[in-house]
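Undergrad: Structure in structure tokens, see below.
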Amino acid sequence: MIIKTKYLNRILLLVVLFVCGCNSSNKYQAEILWDRYGVPHIFAHEYDKLFYSFGWAQMKNHANLMLRLFAQSRGRAAEYYGEEYLDSDKWVHTHNIPERAKDWMELQKPAFKQYFESFTNGINDYAEKFPNEIDKENHVVLPIKPVDLLTHYQRVIMYHFVTNPRDAKFNPNSINQSKGSNTWAVGPSRSQSGNAMLIINPHLLWGDMFTWFEVQLNCGPLDIYGATLVGSPFIGIGFNNNIGWAHTNNVHDGQDLYKLILVDEGYKWGENTKLFNKKTVQLKVKQENGDINIEKYIIKESIHGPIIREDNDFAYALRVVGQDQPFVFEQYFDMALSKNFDQFEKAISRLQNPFFTTMYADRDGRIMHLFGGRTPVRPKGDWDWLNTVPGDTPLTLWNNTHTYEELPKVIDSNSGWLQNANDPPWTTTIPLELNRHDYPSYMSRNFMHFRAQRSARMAYEDQKISFDELLLYKMDTRMELADRLLDDLILAVMKSEDELLKKASFVLQNWDRCTNNNSRGAILFKEWVDISGFKFDNSELFTIPWDEADPMNTPRGIKNLDMAVQNLKTASLEIKNKYDSLDVSWGDVYRIIKDEIDLPSNGGPGDPYGIFRVTSYKPIKNNRYAASGGDSFQAIVEFSSPLKALVGIGYGNASQKNSIHKTDQIKFYSQKELRPAWRTRNEIEKNLIDKDTF
């Protein structure tokens, strides 16, 4: 009996270790195993040590970037760095971010308060141990406090995604500028293997607050691989052995700009007048000689929200969703712990993140596209919610947002696949499975731009998609617009006797219609498109405009062929003058340049060209262009046994100036490749270059 009890106790001990512990070495409470691409694989015995290590790891790869981001989120960057940050500080204080973050922190559960504390302890301990890794001007930002995590989150997600400083000069179209992503979920019926598959593919600027950090977190039941925006203590997009999710920037409207009629010291409100709430913030501004000046900044608020612009007769107040969703970190923690659809849906239905669309796939073959975020329940009436809204009447004021149950979503589509390329939810699969008329008209707009059409076409035309094909589709650089226009253009040019046009026609006929490194003809076609003004919503230029009943095949055809030929002549002269050749290759003009690396790029702006592989560029000398954004953290996942996953961050997983990981993945971007996601200790240790232990 004593022997049986002894063995039973050993079995119970093993069970406890299995449930409460993880695969980290018994010698340490936590380990960070660094693979050869600078990805930290964190193994810890308890969550406090896991989050401590997570903060430490982000500092090791992004210390100076993190500290600058936290400085800006406090609204004190001008105090630390100078007057160039004053507008940023004003934006932060206008929206009351520091004070709201303190309120949010008080609402957190004790366990999550401790996780925040542990994460910031990791940041501060790294800074104390390696002070020489931190630029001199950034030391003043230390120490980082738990509340800084919440100010940073609010500044980035609520006030640069849901809305942004451009909206002070309101342009409805600015809401979607510089924001993009692609994602797919492939169900068993369309998967060659019968396993569900997922594409994770955000498009953001390569740097600043939009920088992704790739990481694996392993502790007890938690084993999540993915990426987070630098400075955040949770995985934003990723996968575990059973489920995975991606986000795209949502085509929703989570903000409204109200036009107020000024009356004396207040504004008109119905038949009465309301006074503004006012407060004064003392902003410190560092001068070039190091002195600190004080600038008094007066913030005015109406019942709608803060005043962001004012002229002689009118003031403009901005109302933004998300201000009463403080538990985003808890939601994403539960998402990462999920093992099946029911658990994931329970977590995400809380809608603590006010902005993103979500794509989901899992080992059970379930797939979902959720038009997520927070959308206001707007009053009925003939209001233009994408423009300024009358702010002199209670009839336009909203106070609530739509619940999870009320949002558009497709679960386990009949087609077997789902896609989103920043198009509205209605076109997530073809044939359409959502009827937009079942939802309020303000829920989302109605369009399907060429990148989304390219995305849907690839999924629609392949009845059985393999993992290898999924990678090819994810890297696809074909211009969908070329397939709509080029045949008409070439036929029209064939009637011309102009030698330059004949040469241009020859180049375009032999072009692969892609934007690969060696694609010849894409430069000429792009120049012609830009001169001609072809855009998805420029319907008068097409023979057949976009048709909601045929969303994947319209618009198409060239309405004015004479003008098209004339524009090709202009484009040909321009390209010949710039590059001395009509068939200059895409990769000779569009480059990936960082430090000493200079490689040919691929992909291009998603629209109006309809390129799925998005790379954005900025002009440099000699009529060349350098990649500045687009595909950032990328992953394709198949829920096979064992799980298959390929991943990559084109600009590297570090920003510290002396890190080898600033540029070590650029070659993969140039070659349209991803690398294996190492998840087991055995795989990681075979590719280990460094280790931190605690």
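The values are calculated or read from the model by the stated rules, or taken from the named source; none is laboratory data. All values derive from a computational prediction rather than experimental measurement. With ideal geometry, Cβ positions are generated from the backbone for all residues, glycine too; neighbour counts draw on all protein chains shown.
Undergrad: Of the conditions (1) more than 25 Å from GLU638 (Cβ to Cβ); (2) part of a loop (DSSP other than H, G, I, E, B); (3) out of contact with any strand residue (DSSP E or B) (no Cβ under 6 Å at 6 or more places or on another chain), ASN241 satisfies every one except a single condition; which number is it?
TA: (1)
Undergrad: Only one residue in SER415, SER455 is outside the structural domain of ASP537 (by TED's automatic domain parsing), assigned to a loop (DSSP other than H, G, I, E, B) and among the small types (Gly, Ala, Ser), so which one is that?
TA: SER415
Undergrad: Now, a different point. Within segment 525-558, which residues are in contact (Cβ under 8 Å) with a residue 40 or more places away in the chain, buried (at least 19 other Cβ atoms within 10 Å of the Cβ) and among the β-branched types (Val, Ile, Thr)?
TA: VAL529, ILE558
Undergrad: Right, something else. From the residues in segment 307-336 that are within 20 Å of TYR404 (Cα to Cα) and in contact with a strand residue (DSSP E or B) (Cβ under 7 Å, 6 or more places away or on another chain), which one is surrounded by the fewest Cβ atoms within 10 Å (Cβ to Cβ)?
TA: Per the criteria, the residue is VAL320.
Undergrad: Does ASN623 count as under 19 Å from the mean Cα position of the chain (by Cα), in a loop (DSSP other than H, G, I, E, B), touching a residue at least 40 places away in the same chain (Cβ under 8 Å) and not assigned by TED's automatic domain parsing to the domain that holds ASN518?
TA: In short, no.
Undergrad: Being assigned by TED's automatic domain parsing to the domain that holds LEU142, aliphatic (A, V, I, L, M) and surrounded by fewer than 24 Cβ atoms within 10 Å (Cβ to Cβ) narrows it down to one residue among LEU50, LEU107; which is it?
TA: Result of the check over LEU50, LEU107: LEU107.
Undergrad: If you check ILE411 against the conditions, is it surrounded by 14 or more Cβ atoms within 10 Å (Cβ to Cβ), touching a residue at least 40 places away in the same chain (Cβ under 8 Å) and closer than 20 Å to ALA549 by Cβ?
TA: No.
Undergrad: Would you list the helices (runs of 4 or more DSSP H) that sit entirely within segment 460-568 and hold 3 or more residues that are more than 23 Å from TYR617 (Cα to Cα)?
TA: Output list reads 467-474, 480-493, 499-510.
Undergrad: Looking only at segment 343-380, count every residue that is assigned to a loop (DSSP other than H, G, I, E, B) and of a type in the set (Val, Ile, Thr) and tell me the total.
TA: 2
Undergrad: Could I ask something else about it? Please pick out the residue among LEU489, LEU470 that is crowded, with 21+ Cβ neighbours inside 10 Å, among the hydrophobic types (A, V, I, L, M, F, W, C), in contact (Cβ under 8 Å) with a residue 12 or more places away in the chain and under 26 Å from GLN192 (Cα atoms).
TA: LEU470
Undergrad: Another question, if that's okay. Looking at (1) in contact (Cβ under 8 Å) with a residue 24 or more places away in the chain; (2) surrounded by fewer than 16 Cβ atoms within 10 Å (Cβ to Cβ); (3) in a helix (DSSP H, G or I), find the lone condition where GLY587 falls short.
TA: Of the numbered conditions (1) in contact (Cβ under 8 Å) with a residue 24 or more places away in the chain; (2) surrounded by fewer than 16 Cβ atoms within 10 Å (Cβ to Cβ); (3) in a helix (DSSP H, G or I), the odd one out for GLY587 is (2).
Undergrad: So, of the residues in segment 125-136 that are in a helix (DSSP H, G or I) and in contact with a Lys or Arg (Cβ under 9 Å, 6 or more places away or on another chain), which turns out to be nearest to ALA77 (Cα to Cα)?
TA: Selected residue: GLU133.
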